Amino acid sequence: MTTSAASKTDSPDPTVVAAQNDAFRKLACLGETPSQPIQGRMHLTSSLTMAEDGLGLEAVQAVGAFEIFEPENDPDGWHDFGAVDIRGEKIFWKIDLYEADSDFRYGAEAPDNPATTMRVLTIMMASDW
């Protein structure tokens, strides 16, 4: 029996996934229209939505403007996680990728294909983690 490692062409291009994740984040958080359709939804945890003085809105705007991706917070280069500080509160955000027709049960088989990938952006207070 022969085995072979998957070729690099079988894995998604991180720069393509990162660009799509950035475009989706900017669409969901800032209302910026992407150059191609991107499916997804945004979810704020209940503690963030119930926070006083507009913290939730500030968090959404900060996540949309986030651009500091480094190996420590983005080891795969997908731009799918970040953290921001707002008024002394640490806010985390994460983008998960699912098969578009799986009701969020299965991870995306081709995360670089926006036609078959559904993105879910979750924004939460660090204390929710």
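Descriptive notes on the structure:
- Positions within the stretch 19-45 being more than 21 Å from residue 102 (Cβ to Cβ) and of a type in the set (D, E, K, R), in sequence order: 22, 25, 26, 32
- Across the stretch 37-68, the number of residues qualifying as of a type in the set (Asp, Glu) and within 22 Å of residue 114 (Cβ to Cβ) comes to 1.
- Candidate set: the stretch 101-117, residues that are within 16 Å of the chain's Cα centre (by Cα) and open to solvent by less than 30 Å² (accessible area, probe 1.4 Å); chosen: the one nearest to residue 37 (Cα to Cα): 114
- Residue in the stretch 40-58 that is closer than 20 Å to residue 16 by Cβ, part of a strand (DSSP E or B) and of a type outside the set (Asp, Glu) present: yes
- Near pairs, Cβ below 8 angstrom, 6+ apart or cross-chain, from the stretch 51-69 (closer than 16 Å to residue 121 by Cα and in contact (Cβ under 8 Å) with a residue 12 or more places away in the chain) to any residue that is open to solvent by 40 Å² or more (accessible area, probe 1.4 Å) and of a type in the set (D, E, K, R): 58/87; 64/26; 64/32
- In the stretch 80-96, the residues that are touching a residue at least 24 places away in the same chain (Cβ under 8 Å) and either more than 28 Å from residue 51 (Cα to Cα) or in contact with a strand residue (DSSP E or B) (Cβ under 8 Å, 6 or more places away or on another chain) (or both): 80, 83, 84, 89, 90, 91, 92, 93, 94, 95, 96
- Residue in the stretch 53-65 that is surrounded by fewer than 18 Cβ atoms within 10 Å (Cβ to Cβ) and touching a Gly at 6+ places or on another chain (Cβ under 7 Å) present: no
- Reported count of residues in the stretch 95-129, each being of a type outside the set (Asp, Glu) and part of a loop (DSSP other than H, G, I, E, B), is 13.
- Check on residue 121, at negative phi and within 13 Å of the chain's Cα centre (by Cα): yes
- Subset of the stretch 60-75 (residues that are within 13 Å of the chain's Cα centre (by Cα) and in a loop (DSSP other than H, G, I, E, B)): 66, 67, 69, 73, 74
The values are calculated or read from the model by the stated rules, or taken from the named source; none is laboratory data. What you see is a predicted model, and the numbers here were worked out from it, not measured in a lab. Neighbour counts are summed over all protein chains in view; Cβ atoms, including those assigned to glycine, are modelled from backbone coordinates with ideal geometry. Accessible surface areas use protein heavy atoms only, side chains included; no ligands, DNA or RNA. Shrake-Rupley method; radii C 1.70, N 1.55, O 1.52, S 1.80 Å.
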